[in-house]
1. What are the membrane-span-like helices in chain A by this rule: whole DSSP H runs, Cα extent along the axis at least 20 Å, mean Kyte-Doolittle hydropathy at least -0.5?
2. Distance from the Cα centre of region A:226-262 to that of region A:341-405, in angstrom?
3. Whole Å is fine, so just give me how far the alpha carbon centre of region A:1-59 lies from that of region A:91-162.
4. Could you list which residues have their amide H under 5 Å from that of residue A:243, counting only those 5 or more apart in sequence or on another chain, with H placed in the peptide plane?
5. Quantify how strongly other chains surround peptide B:187-195 by giving the mean number of their Cβ atoms within 10 Å of each of its Cβ atoms.
6. Based on the Cβ-Cβ distance from residue A:287 to residue A:267, what FRET efficiency comes out when R0 is 25 Å, to the nearest 0.05?
7. Would you work out the charge dipole size for chain A about its Cα centre, treating the Cβ of every Lys and Arg as +1 and the Cβ of every Asp and Glu as -1, and quote it to the nearest 20 debye?
8. Pairs of alpha-carbon atoms within less than 8 angstrom and 6+ residues apart define the contacts here; what relative contact order does chain A have, in percent?
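The numbers here are math on the coordinates, done by the rules we state, and not lab data. Model, not experiment: these values are computed from the prediction. Glycine also receives a Cβ, built like all others from the backbone with ideal geometry; neighbour counts cover every protein chain displayed.
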Amino acid sequence: MSIVDPVATLLAKLNTSSSTIAAAYYQGRVHKTDENARDIERLRQLRLLSPDIRDAYQLRASFRHFLNAALNTERLFSMGANIGGYFQRLANLVDEHSIAFQEGRDVDCERYEVETREAISDIADAIDDELIILQAQVATRFAAVSTIAEKKRQNLHYQERTQQLVNLLESFHFSDIGDQLAGHEELALSFKSLLSERIPAFRESLWSILDLLNQYLFEFRKIEERAKKVRAFALHLNRNPDWEPKAWDEVTTPEDWLQCATQIQIQSHPDVAAPELEELLAEIARTIPSSAGEKNKTARPAGHIEEESGNEEITPPESPIRKAVRFYFKVAIKSDKGISARDWWASNPVILGGVKEEIWLLRVLAEHDNKGKTGKWALRLASTSHPDFDGNVLINDVIVSRKPT
Amino acid sequence: MFDQVATHLLEGKFICESTTPEAFRWLKSDEAKQEISTYLGKIGRRLSKSPNDQAYYATWTRVGSSERTEVKRVFAGIKQTIRPLIHFITLCMEVEKKDSSPVSGDRLEYAMLLKAVTENAHLFEVLREFGTMGKEFTVTDASAKGMLDKVIKQMEQWGYLILINREQESYRFTGKLDYYYQVIEFLMENEGITDPSSQEQEDGTEQRRLI
């Protein structure tokens, strides 16, 4: 299996689009043509190009910064690492452009125009990138760090970062910049379509991220609280090996978690009389082997007497219900008050396995019928007369106790 | 989807994202809840959910004398599982060096667990303690693997873990864990079980106040 190196793959892709990248870098933007359409799509997919105005594309801020650094290109008002710096740079560029324009310095004016356009796109890209980073962090719930304490710190950090960005977007005077650029069609259009019109959407996204971060902080606190409880409970169990919960099953209204309804075993059978099932049933029938397989029967040769018996006596294991009956009577004959068979059934599900309650009661009664005369127990019935059939009783429970001496 | 959800609930199963994702997502809508509740109501049952909405299960509409036996059976089951389950959760937390307890949907890698209990004597001792917690954990093979297999199998049988990848032996915690945390919370609140660390903090404050 070949090992794919993502860096090598990316650089190979960039190499195939090198002329388009160079054009976009030196000219500030590149227009889509039949020749470069594939390059542009590829570079957009790699998030290295972003749309400019009038069907043009420009290098994304991060890629341009990389090329600037690699080619040691000097920038005007070199910016800081934060978006606030980008905003400040834009304001400075607009001011300087305005002065150069008023003083009639055309060459400088042109240079400031290029830089201002880039600064506008830098801000839009930076906010876009910031949103992507924040959304990724929020979506994975800070999966890169494992402990809740770290997650909480990460959460607080991003909360602060998002809040700062929101404040920045709310406090920056976009209208001033818009007014200053009003006389320059190209720049005004860039500013409007790339930045000022997108600000409400940016703000909305940031607010929803902030809401999520607040919610996560609450959840992290809850998770931390639960972990503390689990540890405290584990410690309590370790320190008190004989601890058992109180009889919460005997309170008048048991808690919701105690009221789980009885499991119902659901079995369904095909309707063999239904004609639409005939084909399916026939198919199943065809998969069943026609004979149960050959039996190897070894017959005793005539005139030969076998001295060894071929049959080995196998003692079957004690059935779970038999075992349960034995345990129940063993405990019950030690009790003077007696033990209810139904209560014993309810509190010993492990011993009884899946034996149903009514079967269990019948089995206890059968044991008494068979061995009651010689046994050391007394059996009492909790019963009521049948409302319709005279002479019959409805047995609700059976109580077995020590036989009085 | 209705028949699948109704059957699961009647069979006493917990419906959660880990065990039956489609059914769980379907049941999240108000219409589905209403449909299921109406059906269950006709047979003396209702739809309940765990506190953090991570699992749905069926409960009685009212607890009369005949339901009381079932309540006792449920409580007996909780008493039987409470120690081993908390022991297992703390073991997982120690192995993963996490300060959070597992929740529904969290993955559990068998290989990582086995490596930890094999290489760390303390964790092996924690695993060995399962042997004192009932016959469900009795093993003939006393190796770390033998014991861990038994524990994992039991947790799966009780419905707290589900195997998601047989080849990689990956498991996922189920929504039933949320139900279990609810039980712990109730018992702590109502049986006066306190967090010793907060108690120690309180004692410290009290001492400082007296000084």
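1. Details: long enough: A:83-102 (29 Å, 0.10); A:106-139 (49 Å, -0.09); A:148-171 (34 Å, -1.19); A:199-239 (59 Å, -0.20); A:357-371 (21 Å, -0.54).
Those that clear 20 Å and a mean of -0.5 are A:83-102, A:106-139, A:199-239.
2. Cα centres, region A:226-262 to region A:341-405: 31 Å.
3. Centre-to-centre distance over Cα atoms comes out at 22 Å.
4. Long-range HN contacts for residue A:243: none found.
5. On the way: counts 6, 5, 1, 4, 6, 1, 9, 2, 8.
That works out to 5 on average.
6. Details: r = 21 Å, r/R0 = 0.84.
With a Förster radius of 25 Å, E is 0.75.
7. Numbers: 50 positive and 62 negative charges, 527 e Å.
Dipole about the Cα centre, nearest 20: 2520 debye.
8. Details: 291 pairs, mean separation 36.7, N = 405.
Normalised by residue count, the contact order of chain A is 9 percent.
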